Structures are given as structure tokens and as C-alpha cells.
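Step one of this worksheet: look at the structure below.
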Amino acid sequence: MDMATQLINTNHTSHQPVHRRTADDAPRPAAPPGRQGATVRPLSPPPPPEADMRNLRLLKSLCNGELSHRAGGPLCAAVRSDTDSLLLASQFSVLEFDPRTGQVVNDVSLTETGYMPDDGSGTVVGIQELAELESVCVATATGDVILYNLTTNEVECVGSVDSGLTSMSWSPDEELVALTTGQQTIIMMTKDFEPITEVGIHQDDFGEGKFITVGWGKKETQFHGSEGKQAAQKKILEVQPAVSWDDRRPRVSWRGDGQLFAVSAVCPQSGARRVRVWSRDGVLQATSETLNGLEQALCWKPSGSLIACTQRHPNKHSVVFMERNGLLHGDFTLPCSRDQAQVKELLWNSDSTVLVVWLEDLTPGDDGHISTHLQLWTVGNYHWYMKQSLDFGRDPERAPACVLWDPQRPLRLHVVTRGWTSLTYDWGWSTDRSAGLDASDNANVAVIDGDKILVTTYRQGVVPPPMCSYDLQLTSPVNLVTFLCQTQRTNQLAALTADGQISVYGLDSGKPSTERPGGFRVVSPPLVLRNTCSVPRLPEAPLAIRQLLWLKEDLLLGLSSGTLPSSSTLLFLSPAPHPDAPNAPGNRREVEVDGVVTSMAYSSQSGTVALQLDDGQTRKLIWDSDLPSVRDWTDSSGCRVNFPVPCVQMALCTISGEELLLGLTDRCHLYAGDTQLASNVSSFVVYDDFLLVTTHAHTCRCLHLGTLTIKGLLEALGSDGGQNDETLRRVERGSRIVTVVPQDTRLILQMPRGNLETVHHRALVLAQLRKQLDSLKFREAFECMRKLRINLNFIYDHNPKVFLENVETFITQLNSINHINLFLTELREEDTTATMYPRPLNVPVPSPMPRAKKVDVVCDALRNTMEAMDPDKYCLSILTSHVKKTVPELEIALQKVHDLRAKPPTAAGAVGAEEALKYLLFLVNVNDLYDHSLGTYDFDLVLMVAEKSQKDPKEYLPFLNKLKTLETNYKHYTIDKHLKRYSKALHHLSKCGEEHFPEALGLVREQKLFSEALDLYPADSPQYKTLSCAYAEHLVAQQQPEQAGLLLWRCGEPGRALQAFVSASSWRHALCVAQQVPLPPDQLALLARDMAEKLIDQRRYAEGALLLDQYAKDCEEAISALIRGAVWEEALRLAYRHNRQDIIETDLKPALLEAFASHSSFLENHTALFCRHRKRLSVVLELKEKARLEMLDEDGPDCPDAELYSEASSVMTNSKYSHSNSRISSRSSKNRRKAERKKWSLKEGSPLEDIALLHALADIIGTVDKIREELHSLLKALVLFQYDRQARKLQLAYEEALLMMEAAIPEVWQEGAPQSQTPITGPDSTANSIMASLQHQQRPTALPLPGQWSRSRVPALSPSPWR
């Protein structure tokens, strides 16, 4: 029958006309996915974390039986996403039920509208909420597709199939619907119920993904893996039909992205089930191979990787997984025999982390009823764990009729029983770890796996899952595990099983032997069963006790649902004391809590029990009194403290002396009470005084709560951490905390793929080291630092005063020469507590030590103590202390080795000279040690070192033999000269007599030891005079003639001293020496004239004029020199002193007018140049600002580097110039200055033109400032000779120049400009940002501030009275 003739659109409620669709009606294409209100699952969401070391904990359960009076039974169910209500369909009606309030929100009868028969024989094969239409789509077995509007309560039949429907399945995006008909066909329709295609379920073709055979041999000749060669002869098994209890209905399951769907149907020919994969367009993609025992359950994993089915093997019952090409890919075995149970359905939750297996027993019990179970499975490290088992018993009314996961909350499970009881379970992940704080705790972590508990003791070793240290076998599946919270007994655990039994496990009191055959030893002895007891008077619903807390050995705190849906009950349970009475009453008392308790937390330090309600409110349980009670959680001021949102993990801690609750939400927000600390936390644990968290930034933080406040904790979690921040550590992406080993530094992390890693967090390590050092446990600290590669300087740097006071304790505890030597060799002057391992905040700093070198202080302290204790035992360490000093005392060390050779120690185990020397050669380079031994002038010691070295005797024996023949002082001189100790060599050579003085003089000249040589000889000796003359020659060669002249003058060489003074232009010294010689008057005048010419050439006009006037007696030349030097007042004085007023008219006045013209021209030129540079600078800055704005328009207003563009002139102005001096050598300061000047070019468009302009403007201001005194003197001279007009003009020009420059200073040098001295580099930097940062540093920020100069000097240049 054609699809178009099967679908008839009718409306029985609104009585609109009936329309028939024909084949000519073209189907409309499907709308794109992503509508608001639809549940859209991506194809490849981020992989969920592995659950290897975590268990599923029931946070809360809601049981509602308000519908128990309804007729019929629930057939299908769905969840309304916007209201969290249940949409239920029965044989008579469709209703919307709110399980939280127990109210029926909407209800419509299907029998009254004629869609279902009144006798209750009708069947609903599918129900789906359509969020966009605010409707419910229902498909009946008779073929009707009904649309029920939840807002208007209208019922409309949008189509009908004559052959009936067997299933209805909507795509996750609610854009398509797949209907399977009674004629074994699939009808694909759009959300508007427009037909797309109709195809038969059973196809002979494999599909578009058919495998290609390349013709390489036959199957019999191929490799068959572990099956062996006999697999080639294996006969093809006969295809067996589906099991008898199979309902023969097709099953349809969509992939999470809605692009593919799978159909499991019974083949009409073979009677066996096969799975076919279809595309969104209804095109067959692949067909599974024929599998005997394949059952009806089918569910495609939302993440898109696998299709889950069940298969009955000859010897087991398994859940198998298929790929999209139909091939098998993994499986796991169910904990039941082949013919024990049937799998009704498989259901993945929305994030693909939990798989529900719905089981029913095949064999009825004595009462004729069968038992039903729901099992929750998770996978980790390729192993499947059964985390929970819900046993619904044999009562038919309690058996599940509908089971489904919530589409919005991945860990919420809805169950509706046949008796119309609604059950809602909210699960959460938890790591069940022991909570001990002392070294007796083994850092246990328990993992539930069906009827086994996998226990790993991380103190003894890290065992990767799914392996464990040992496992505990129980009689039924385990639902809860808890460890004892009592000190010294935290390794004991209790387990609650699905049958309501509590099993208590403890250490074997008999202390069995840990030795095993073959030399093996049991490191982690398993716990043994101590007691089993039943929990009395519990409701019959599964998981009546949802959480357990073992407070004391005789007290278990259980949590169950209360008498009202909005309440909870706390059960105080006492395990039976003896195994002989397993069923003894154990329920002491009960406490009713107003609110649904979702989690409990216990603090081992304070004994506090905290409760959290489902709305985030927190309570405190007073449990250690005769009448337990529940109070509000309050802070120190009495105010109530609650979490803003519910948290899935909770822990107690103490911050600033106040006990607080830490909570982590399912959105990764970490709270301390009502304060949010971070928003990217993936896991956390409170250990002792530390808070350890892992974040989505792939870091692990360890914060010391004892030194932080809430504000400090918030800042610490929000900071990026510095280079040596001990609280921060990078970890692998997706890492989660498993546990912390108490009284140790080990932190166990689980990676996303399931493997475990042990890290020693720096904060834990340093905290333990600080405790050990404060307790003077030097050996434990030393071993920890060696193992974890912590710098050994920390032993001293932590508290230098305490260390120096307990050096003997340190040496005694280490009790190892090698360890002491290792400590000494690692000594550095660096203070590691200030660099590598900074002290935590609010930690007192020890009193500072004297300003002595740390290495020398420690070496001396250790050496003195070891010499006082046992110098023979600690001989090698004593040698190390000499060698390790900042100035190695190799001579002393060698002398001690020599003493050992002369007087060998007699004590047992003492070190001999040979071993000591060998050890010294290990510490010091052999050539250096040989040279130092030679420097002791002890040839026995030299020979001892040389024999242990690799030197050739032919090299050193002739030299030593030659030295032995020399006189003592000359021998020492020869050795010191060989060792390049020239000062010592000169000292010894000076004692060898006058015959060796020429050699000494040559050594002094060669090594420039003039000062040392003058100290070795008397001042009245001829050697002293010779050395002084040689020193003077050296000074002259070094361009220091004045010092040479002084040296020659004092040693009695006035002639040579005069030449030196004349060369240095030191005319006062020269004239003194000339008078001492003495020189004739004519030669003295000639000398004065020559020196005056040199002084005038050096622009020392006043000094030259003095020589010409007083010594050469030439007043005219003296006045002329003063006029050349613009020394107007002195020139005028000499003219009147010598009565030469004619020179005033002939030379002085013309020079004044010439100076006026020169200064006027100077001011005019510099003023014009300043204005030109100023205008150009404004143009350059305007161009750069325009380029910056253009960049902002291109990159957007939020560009993080926007403020840098104003500095990058070469890039943004498209300059044709580039930095051409990047390869200039910087071997000399001259080259560097030249390179800088070349970079700051004033050429228009150059890269650093703005910087060059700033430098040029600053130079102009400095130049104008320098002529102030000269201009002042000129103005006075002009006024004196009645050149008032010229003086006034010059004064005005200078004042205008100064005022103009002062006014320009705020514009040129803008205040408040950012001054960054650090180049912006790193992985996020760009070429523009780096260039801008470098140019910003090259700005002339160190230039003289013209604004300050102007304000301090302009008042001094105020107009003169003659203006």
C-alpha cells in the first residue's frame, strides 16, 4: 500500500475538514535543527570524565503515589523539559503529572475522543513532547498519530496508518519523526507531519556503507586472531530465531546529533533480530551481521560512538556494542546466568556516562510473580562497573512500567511503576575515601563494582583501575560504602547492599603473617568481615537508605526519605556487636528534618556533622547528645549561612578560626558558604589545613587555609600565580583529585582516560618540610628534599638562627658523610625563601642574620662543629667546607691532607691521606689543585698531588728539580711568576738583592705594578727614583702628564717635570718649577707666551691673558685675548690699568657689536628651528592617532592591544624606512651611541621621527639656556657704552624665545603619558605590540624636563632696569 494512501489527516476534536494528501504533494524539506525548546545533542560533545574511582551516590529520591487510583496502567512516558513534569500515556488517557506536588496538571481522555477502545485493550506505542508546539505527540497501535496541545487541551489526529503503528521515535532536534508500521515499513516525516519517504525495514542490500572486498584470498586463509587456525574450518552456525519472550516489535534509537538512527527488527525469513542503520533521509547505511541470541533492547549512545544491544550467549548474558557499520565493538557480561533474566530495555543518560539495564527474572517465584531490577553501569579504563542496583521485588504493582532519563539533568532517573507510583532519583558522583589525618590511615579509596568493593590503599602503592589492592566479595550488589570517621580506625568500612544488609569490615585481629612463598610479602592485608546486620523498619521502595556516615564504631548515621515528600529522616543505627546476632535491632533513634537532605559532611577535627538540603540550605546536626537535634548553620555573628545553589559535593573546613562549609555545584562553581570562590573547579578536597582544587584551566591549587581569609582565598583562586607560586601546579587536562595520603606529600590524580598519577604538590611538600625543620627533624626533611629535588639551601634559609644553634643535631641526625658533603656542595648565596620557595602570607619571618656571606657562615659553623665532634670521622666533610667557601681555602685543605700523610690517623674507619687527596681531586680541578699546592712552596705536597693527577712526570719533575736549586726568595719568585701571582712574585724578587733589580723593573713595567713596587723600596734609594721615572713615563703614555710631572718633581727631576706640566697645560705648576730651576727672565717670558697660546687655543682666555699680562708683559695681547673670549669686564679693567683706552675704541666696541649681531642671529635661528620641529611633531602625532583609530575600527573596540597602536609609528604610517641598524655591533659604547643617533633620524617618515623631534627640541632648549651668563655680561657691556637700542633688542629677543619655549612645553611633553619599561612579549604578542613596546621604552623619558627648567630660570632673566 502506498504511503500517501495510508496517511489520512483527520481531526476529531476541532471538526475541521478532512484533507487527503496525494502523491503529487511534494514533501517539504526538514527545517534546520536548533529550535528553541528542542533538545539538541551534539555529535561529539566534550568527553565526560571517567568514573573509575567514583561511585554513584543517591542525592535525593521522590516517591509519589497520588495516581494509584487511576484505571489502566502507564504504557509510555516522557519528560516535559520546561516544567520537569511527566507526560504519561495509558490505555485510557494522556496526562501531565508533576511528581513534586503530586498534582495532575493536564488530563485528556483518549477513549472519549474515540482514539482508544473503552475496554482498555488499546496500546500507546510512543509519546513525545514537542516543546515548540507546546504539545504532546502520541502514537497508538491502531495507527493514529495524535497531537495534544497542553495549553488549549485540544486533541488533534494529524494522521493515521491503516496497518497500525509499532513504534514512534522523534529525532533529538524534534525536526523528524520515524514511524514503524504493521507492514514492517519506516515512514519518515517532518515536524509538520509532511511525509518524506517510506521504506521497508527489511532490505536485502547491506547499505551505502557496504564493505569493499579487494580480492586478497579467501576467508579461510586469513588470520583469525586468538581463535586460531581451526576457525577456518569452523562451520557456519545455523541462525536461531529470537527468544520466545521477545515482543517482536521494532526498536528505533537515534544518534545524539539526529543524523542517523538504528532499527532493530525481527527478520521474517530467519526469525532473528538484526540491526540496521539509516540516515536522516531514510537511506540505509549499514546492516549488522546475523547474531544468534540478539535481543530486543536497543539504545544508541548519545555521544554517537556505539549502539548498545543485548545478546544471549551459550554460557553468558552480555550487553554488546555495535559501531555504525554494524560490526561489534566491545561488550560486558551481566551478573546473571543465561536463562535467569531478560533485558527489557537499555537506556543511556544524556551525557553518555551511565547505562541503565532493565532486567526481569524469567522464572517466577513461589508466589507466581517475577522480580524486577534496574542496574546502573559506568565504564572506565575499558572496564564496566555496576554502580547501583535497584531491586523492586516481586510485587507486580511495584514493578517498573516506564523508565527514562531526564533530558536536561543527566543524572536524574524517572521510574513509573505499574501501580502508578512515580519515583524520581537524583544521583551524584562521589569518591568514597577514608578520612583519617594520621599516618595510620592507608588513604583507602573504595570503588563499587556490583557485588564487589574494590579497595586501593594508596599509602602502600598506586594501583591503576580496574585493578585494586584487594577486593571484598559480598552476597548481593553494593549500593553504599562509607569509612569509619573515628581516629586511628579510619581504615574500617561499612557497605549497604541492595537487600538492605549492612556489612562491616575491619582489620584482622589475629594479625596473620604477611609472608608468602617465593619471597613475596603482602603489603596491603585485606579487611575481613566483622559483622552483618539488617536495617529495620524501612520503606519497601529501592534505596530506602540513600546515604551513610559512620561516625563512631557503634554509630552509623543513615539518611532516608521522611514521612512527607518534603522531609528527610536521619537514622541513628548501631551495628550488631557480634556476628552471632546479625539480625539484632540496630535502630537507636530517628530525627526528622524539615527539608530534603541531599548530602552530609563530617569534620574529623571538630566532630561537626553538616547537612545540605535540596535548595542549598545548610543545617548542623547535634548528634553527640542524648536528644539529637538539627539547627540552622550560622556564622560567628549568628547570621544564617546557606549555599546560593545546591552543591553536589560538600566538605567542612576552618578559615580564620571559623568553621565553614565548602560546596561544589554541578556547574563547577565552588562556594564557601554564600560566597562564590571560583567558577572553573572540577574537583576539590579538604586535607588537614589545606584546600586542594583542580580547575578547568588544567591547574591544581593547594591553599593553606590557616593563613588565608575568605577574601584571600577568593584572590588566590582568581590569580594566575607567579613564577615561584608554590600553590599552583600545572596538571593534565581533565585531571580530578582522588585522594591525598595523610601525613605525606602524595596527591593522587585521575586522568580523563582513567589512569592514575601521583604528584607531590609543592605546597604540601614545603608545608611538611617547614613542620619537620621547626621540629628539628633534619633527617626526614633531608630525605624528602633529596627525593623530591628540593634545593637543600632551604634547610638553612628556613630559619638560619635555629639551624646555626642546632648544627650538632643536624650532623648527628644525618650521620652520613655523603649527605653532609651533598648539603655543603649545594650551598648558594641565594636565599631560597625569597626566590624559589617564598614564604606563605601571614607567616612570621625569622629574625635576619648578620650581613655575612651565607656560604662562609654555614661552612665555618659545620666545620667547627665537626672538628669538635670527631675530626677524623668527618675529615672529608671538613675538606668540603674549606673548598666550598666563596674564596676556596685550597691551601688549608692541602695542608690538612699533608698533615694526614705526616701523621696518619689511628682510629678505625678514619680517612687516610690518599683517600682525602683523591676526594679533593674529585671536588677541584686537578690543574687548579696542583697550582695551589705549588703555591704553598711545599714540594712534598706538590709531589703528592702530582702523583694523583694525570700529569706526565717528564713535565713537572724537571721544573721542580730546577726550583730546588734556587735561592729561597728567588725560588718563591719563580713559583709565583709561574702561577701568575705577580704581586707576590715582585715582593719575593725585591728581597733577592740589587743584582735582580733590572729583572724587577722589567716585571713592574710588564705587569704595571708601579704602586706596589714603590711600597717595596725606601724613598731615598736609587731604585725608588728609577721606579718613579718609569712610573712617570707610563703616566705620560697614558695621557696623564700632570700626574707624571708631580711624580718627577718630587723625586728630583725638575727638568722633566717642567716638560710634563707644560704638556698638561698645568701653567701654575710649570711656573713654580721654572722658578725653582731657575729659568732666565727671557726664557720665562717665552715659556709664559707659549703656554698662553695653548690656553687660548683651549678657550681658557682669562688664564692665557693672565700669563701674557703678568709674565710676558704684553698687555695688548692680553686685552685682545680677553676680547676674543668675551670677557668684557676683565678686558676693560686691563685697558684702564695700562692706560690703553685706545683699544676700547679700536677693538672692544667693534667686538661688542659683532657679539650682538652673532647672538641675535643665534636666537633667531634657534627660535625658527624650534617652531619648525614643534609643528612637525604635532603632524606626526596626528598621523599616528589617525592610524590608531583605523586599527581600532578594523580590530574592534575590545582589541586588547588597542593602547599599543599609538606607539607603533613605523607600522601604522606605512613608512618606507625601516630599522637599518639592527645588525650594528654593540661592542663599544661609541658604536652604541652612534647607533642610537642613527635611529633617531629627523628625516620625514623615519620610524622614530617623533622621538628624534623630542630630542631635538630638548637640545634647543638646553643650548638657549647655556648662553644666559654670557648674554647677561654682553648686555651690561652694551649698556655701558650706550648701545641701548641693541641691548633692548637682544633682551627682548631672548625673553620672547624663553616665553615661547615655556608655552610649548605642556604640548610637547604631555604629563600622565604611560611609561612602560617592560617589553610586551609572549605567546599573545604581535609584531605591532612588540614594536610599540620597544618604541615606548626608547622614548626620551630621561630628557631634561623643560617645564621645570623654564619655571626656575625665567625669573632670573627678567628685564633689566635699563629697558
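The values are calculated or read from the model by the stated rules, or taken from the named source; none is laboratory data. Nothing here was measured: the structure is a model prediction, and the numbers come from that model. Glycine gets a Cβ as well: all are built from the backbone with ideal geometry, and neighbour counts include every protein chain shown. For accessibility, only protein heavy atoms count, side chains too; no ligands or nucleic acids. Shrake-Rupley method; radii C 1.70, N 1.55, O 1.52, S 1.80 Å.
Tabulated data for the structure shown
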| read-out | value |
| --- | --- |
| Paramagnetic reach from Asp856 in segment 874-891 [backbone N under 15 Å; point 7 Å along Cα→Cβ] | 882-890 |
| Pairwise FRET efficiency - Ile892 versus Asp1082, Cβ, R0 = 60 Å, nearest 0.05 | 0.30 |
| Rounded to the nearest 20 debye, dipole of the chain from Cβ charges on Lys, Arg, Asp, Glu | 4380 debye |
| Extended-chain gain in nm, criterion 0.36 nm per residue less alpha-carbon gap, Tyr937 and His383 | 191.7 nm |
| Options Gly722, Ala601, Met322, ranked by Cα towards positive dipole end of the chain, top entry (Cβ charges) | Gly722 |
| Loop trypsin sites (Lys or Arg not before Pro), segment 838-880, which have at most 11 other Cβ atoms in a 10 Å radius of their Cβ (DSSP) | Arg851 |
| Heavy atoms of Met785: accessible area, 1.4 Å probe, square angstrom to 10 | 0 Å² |
| Volume per residue that the Cα convex hull of segment 765-894 spans, once the total is divided by residue count, Å³ | 103 Å³ |
| Segment 754-859, dipole about Cα centre (Lys/Arg Cβ +1, Asp/Glu Cβ -1), debye to the nearest 20 | 140 debye |
| Projected area, mean over directions - segment 788-831, Cα convex hull, nm² | 3.3 nm² |
| Qualifying trypsin sites (Lys or Arg not before Pro) in segment 238-325, DSSP loop, other Cβ atoms within 10 Å at most 11 | Arg248 |
| Protein accessible area in segment 668-772, 1.4 Å probe - carbon and sulfur % | 45 percent |
| Positive-end residue of Ser68, Thr490, Val356, charge dipole of the chain with Cβ unit charges | Thr490 |
| Per-pair calculated FRET efficiency, R0 = 35 Å: Ser847 and Leu822 via Cβ, rounded to 0.05 | 0.80 |
| The chain - Rg and Dmax from Cα coordinates, angstrom | 49.3, 154 |
| Whole-angstrom gap from segment 93-134 to segment 900-931, using each part's C-alpha centre | 98 Å |
| Two-site label geometry, Arg667 and Asn961: point separation in nm, points 7 Å out along Cα→Cβ | 9.4 nm |
| Calculated SAXS-style log₁₀ I(q)/I(0) at q = 0.16, 0.20, 0.21, 0.24 Å⁻¹ - segment 632-739, Debye, Cα scatterers | -0.68, -1.06, -1.17, -1.51 |
| Inter-site label distance for Asp118 and Asn969 at 7 Å from Cα along Cβ, in nm | 14.3 nm |
| 1.4 Å probe accessible area per residue over the chain, in Å² | 48 Å² |
| Relative counts (whole %) of C-alpha pair distances in segment 251-295, using bins that are 5 Å wide | 5, 23, 30, 21, 13, 6, 1 |
| Accessible carbon and sulfur surface of segment 268-324 relative to its total accessible area, %, 1.4 Å | 45 percent |
| Semi-axis lengths (Å, descending) of the ellipsoid that matches the C-alpha gyration tensor of segment 984-1098 | 33, 15, 8 |
| Within segment 799-841, GluC sites (Glu not before Pro) in DSSP loop having at most 11 other beta-carbon neighbours inside 10 Å | Glu829 |
| Accessible surface of segment 923-1056 [probe 1.4 Å, protein heavy atoms]: carbon and sulfur percent | 49 percent |
| Among Val765, Ala893, Gln311 - extreme Cα towards positive end, dipole of the chain, charges at beta-carbon | Ala893 |
| Paired Rg and Dmax values of segment 721-793, which use every Cα atom, in angstrom | 13.7, 43 |
| Charge dipole magnitude, Cβ of K and R +1, D and E -1 - segment 417-494, Cα centre, debye nearest 20 | 60 debye |
| With at most 13 other Cβ atoms within 10 Å, longest stretch of the chain clear of loop chymotrypsin sites (Phe, Trp or Tyr not before Pro) (DSSP) | 521-1361 |
| Ser476/Asp508 FRET efficiency (R0 25 Å; Cβ-Cβ; nearest 0.05) | 0.60 |
| Glu947 versus Lys771: modelled label distance in nm, points set 7 Å from Cα along the beta carbon direction | 5.5 nm |
| For Asp624, solvent-accessible area (1.4 Å; no DNA, RNA or ligand), Å² | 120 Å² |
